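Each value in this text was obtained by applying a stated rule to the coordinates, not by laboratory testing. Since this is a predicted model, take the numbers as computed values, not measurements. Neighbour counts are summed over all protein chains in view; Cβ atoms, including those assigned to glycine, are modelled from backbone coordinates with ideal geometry.
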Amino acid sequence: MILTLLGLSLLSMTLIPVTSTEEVINFSFTVSAGDKYGPYDNGTTCHTRVLGKSVLQGEITVVGEGIYLTASGYNAYQIKDLYITDTYSFVIDPADDLYTFTFNNTGGRNESSVHFKLKEIWTRSMMFGAPPLFIAWLAGFLILPIGIAIITAASSKSRSFAMRPKVETS
């Protein structure tokens, strides 16, 4: 019984979801009048994590002439040619794979100073977070069936003992 409980404990502990936040872009740049910045310039691309569910959370601050923002990637359809003059925040949920961002000032008469922050918030099970937790998951995965087999064997042994006819001796 102890092995079974230990195996279940190890398995359940490592499958708890953990949310992590990582700042993937924190970059400032200037976009000249009549020019574009992006989609593959420094600070304008992001590739999300493979394991787990991701959400991208961005914030753009523009000083000077307003610019047009376009994001390309899965589920970024709402960010297409958005005109930003001050501060703009957005969320892409769920996020998956490669994202590019283009800052367009081609119609402007003055340059724009842009500060772009992008955070990736992702959820994963603890099992994939660190090698010791993977080892704990593997141990639980192996211990659990052993505990179940021992309980089953002990149960069938006690059942067969209880079913034997009693022999009386005189």
- Item | Residue-span extension gain [residue 74 to residue 53] - 0.36 nm each, minus C-alpha spacing | 6.2 nm
- Using modelled amide H (1.01 Å from N, peptide plane; none on Pro or chain starts), what sits under 5 Å from the amide H of residue 24, excluding residues fewer than 5 places away? 118, 119, 120
- Message: Test of the criteria: in region 36-81, which chymotrypsin sites (Phe, Trp or Tyr not before Pro) are in a DSSP loop and have at most 11 other Cβ atoms within 10 angstrom of their Cβ?
- Response: 40, 77
- Note on the structure: For region 40-46, Karplus-derived ³J(HN,Hα) couplings (6.51, -1.76, 1.60; θ = phi - 60°; whole Hz; x for glycine and proline) come out as 10, 6, 4, x, 10, 10, 8
- Task: Work out the FRET efficiency for residue 149 and residue 91 from their Cβ-Cβ distance, taking R0 = 35 Å, and round it to the nearest 0.05.
- Result: 0.15
- Message: Averaging over every viewing direction, what projected area does the convex hull of the Cα atoms of region 18-124 cover, in nm²?
- Response: 5.7 nm²
- Note on the structure: Note: residue 98 to residue 20 extended length (0.36 nm per residue) minus current alpha-carbon separation gives 26.2 nm
- Whole-Hz Karplus ³J(HN,Hα) for region 64-70, in order, using 6.51 cos²θ - 1.76 cosθ + 1.60 and θ = phi - 60°, x for Gly and Pro? x, 4, x, 10, 9, 10, 9
- Label-point separation, residue 110 to residue 40 (7 Å along Cα→Cβ), nm: 3.4 nm
